[in-house]
1. Tell me, which residue of the range A:71-95 that is open to solvent by 30 Å² or more (accessible area, probe 1.4 Å) and in contact with a Lys or Arg (Cβ under 9 Å, 6 or more places away or on another chain) is nearest to residue A:9 (Cα to Cα)?
2. Looking at A:68, A:28, which one is away from every other protein chain (no Cβ under 12 Å), open to solvent by 70 Å² or more (accessible area, probe 1.4 Å), touching a residue at least 24 places away in the same chain (Cβ under 8 Å) and part of a loop (DSSP other than H, G, I, E, B)?
3. Of all the residues that make up the range A:96-106, how many are open to solvent by 10 Å² or more (accessible area, probe 1.4 Å) and more than 14 Å from chain B (Cβ to nearest Cβ)?
4. Across the range A:1-21, what is the number of residues that are outside any loop (DSSP other than H, G, I, E, B), closer than 15 Å to residue A:86 by Cβ and either among the aromatic types (Phe, Trp, Tyr) or open to solvent by 30 Å² or more (accessible area, probe 1.4 Å) (or both)?
5. Quick one: how many residues across the range A:39-63 are open to solvent by less than 50 Å² (accessible area, probe 1.4 Å) and more than 8 Å from chain B (Cβ to nearest Cβ)?
6. Is it the case that the range A:74-95 has a residue that's under 30 Å from residue B:49 (Cα atoms), facing chain B (nearest Cβ under 10 Å), in contact with a Ser or Thr (Cβ under 9 Å, 6 or more places away or on another chain) and not in a strand (DSSP E or B)?
Amino acid sequence: QKEVEQDPGPLSVPEGAIVSLNCTYSNSAFQYFMWYRQYSRKGPELLMYTYSSGNKEDGRFTAQVDKSSKYISLFIRDSQPSDSATYLCAMKGDYKLSFGAGTTVTVRA
Amino acid sequence: EPEVTQTPSHQVTQMGQEVILRCVPISNHLYFYWYRQILGQKVEFLVSFYNNEISEKSEIFDDQFSVERPDGSNFTLKIRSTKLEDSAMYFCAAQGRGTQNLEGYTFGSGTRLTVV
């Protein structure tokens, strides 16, 4: 079983739609759960991170963590064409980050 | 957060040659990391470095790889004898304060290494 699983998509939605992304994981030692955005040939850019189970909101973005199910989600409300990118989930125990494969999202104008 | 700068942005090298990738974090970064991303694949952890020594490394980080921070600023990744399968984007990341400070876990823009 892979340590972090993420559907690579691609996902295409119309402008204004809700984008729903998710990851599952197998390592119970993960303590921090992150979502990164990555543009082509650029480094990952941190969007949000959470520590415990529950929801965290930041503007149009909502991150959810369910540790009992080992499942995390990212929702993007009122999506914009500028949200088109690859979204990576990542999880952290002590030092290293373990990434999902990334989901490529296209928001159509 | 201040940026992490990586040089070069793109390097082409012949198989068997040595390459050195450089990362310039800011002075208050304490923890340093290298990750790589083969085209179309996930970002993979290579090594973490703290207090001038390796704190954790992955199975990818074999004897062909080494890291150092010789002058207290540049953090380098050396690949001694490159193989075709080393072709990838290599990302440096740096972090200040405690390892819990995720907002300070900053990635550089990467070096694209092409081995021919």
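1. By that ranking, first place goes to A:86.
2. A:28 is the lone residue from the list that is away from every other protein chain (no Cβ under 12 Å), open to solvent by 70 Å² or more (accessible area, probe 1.4 Å), touching a residue at least 24 places away in the same chain (Cβ under 8 Å) and part of a loop (DSSP other than H, G, I, E, B).
3. 1
4. Residues that pass the stated criteria total 2.
5. Total satisfying the criteria: 7.
6. yes
For every residue, the table says whether it meets (1) under 15 Å from residue A:6 (Cβ atoms); (2) charged (D, E, K, R).
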| residue | (1), (2) |
| --- | --- |
| A:46 | no, no |
| A:55 | no, no |
| A:67 | no, yes |
| A:70 | yes, yes |
| A:73 | yes, no |
| A:88 | yes, no |
| A:94 | no, yes |
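The values are calculated or read from the model by the stated rules, or taken from the named source; none is laboratory data. Worth saying up front: this structure is predicted, and the values here are computed from it rather than measured. Don't worry about glycine lacking a Cβ; one is built from the backbone with ideal geometry, like all the others, and counts go over all protein chains shown. Areas reflect the complete protein model, heavy atoms only, side chains present, ligands, DNA and RNA absent. Shrake-Rupley method; radii C 1.70, N 1.55, O 1.52, S 1.80 Å.
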